Amino acid sequence: MPNYYLLGCFGPEEEDRAGIGNILNTNVNWQTGSRFQDPPPVPIRVELNPNFPGIMVPMFDSGILLLEDRMVSALSTAGVDNLDLYDAVIRDPMTGRSFDNYKAVNIVGAVACVDLAKSTYAAPSGTPIIDADFDEVEIDETKTNGLLMFRLAEAVNGIVVHKKVRFELERSGIQYLDFTDPKDWMG
C-alpha cells in the first residue's frame with residue numbers, strides 16, 4: 001500500500017458528472033502551487049457546462065479546483081494546512097440554480113518529487129516539468145517535505161494526497177473520490 005495517492009473525482013458514470021464551463025470573474029492560474037500576489041475577487045463565480053449538467057460531485061478540477069465545504073472540512077481534519085480558500089458560487093445556466101457550498105482552492109505547493117528514472121513519461125515541452133505526460137509515476141517520498149497534499153511539479157494536473165488524507169476523506173463518507181496508486185496514474 002503506497003503512502004501517497006493521486007486524487008481524482010468521478011460521478012457514478014463519467015457522463016453523469018457535472019462539468020465546469022466558464023470561470024467568470026478571475027483569470028489567475030490555479031495550478032501553479034504558488035500563493036496569488038493579488039487575491040481574486042470573491043466569491044469566485046463559475047458556471048456549469050450546459051452540455052454536461054449531471055450531478056454535483058464534491059470536487060471539480062478543470063482549470064480551477066473547487067471543493068465542496070464538507071471536503072474542505074475533512075482535509076482540515078486530516079491536517080492539510082496548505083490550502084488558500086476562496087468562497088465560490090457555482091451556477092447552472094440551464095436551471096438558474098446556484099450552489100454556494102464550494103470553495104475555490106489554491107493548493108500552495110507544487111513539489112518536484114517524481115523519481116523520473118523509475119517513472120514512464122513523455123515531456124512535450126522538452127523537460128519533465130509542469131506538463132509531463134505520465135503513464136506511471138514513482139514518488140520519491142524523501143522529496144515530499146512531509147506535505148499531506150500538493151500538486152506534482154512535473155505535471156501540475158496531478159493532485160497528490162498522503163494516505164492519512166485518503167483515510168479521513170473515506171472516513172467522512174465523501175462519495176465519488178478516486179485514489180489512484182501512482183504506479184497506475186496516467187496524467
Taking other Cβ within 10 Å of each residue's Cβ, how do SER34, SER119, SER172 sort, fewest first? SER34, SER172, SER119
Equivalent ellipsoid semi-axes, the chain, via Cα gyration tensor eigenvalues times 5, rooted, Å: 27, 18, 17
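Find the lysine pairs in the chain meeting two conditions, Cα atoms under 18 Å apart and a separation of 8 or more places or different chains, and report how many there are. Walk me through the numbers before you get to the answer.
Values: LYS118/LYS143; LYS118/LYS183; LYS143/LYS163; LYS143/LYS164; LYS143/LYS183; LYS163/LYS183.
Lysine pair count for the chain: 6.
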Expected sort for GLU154, GLU136 with the fewest Cβ neighbours (10 Å cutoff) up front is GLU136, GLU154
Between the stretch 138-187 and the stretch 15-86, the alpha-carbon center distance in angstrom: 17 Å
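Since every read-out is calculated from the coordinates, none of them should be taken as a lab result. Treat the numbers as computed from the prediction; the structure is a model and nothing was measured. We place every Cβ from the backbone using ideal geometry, glycine too, and count neighbours over all the protein chains shown.
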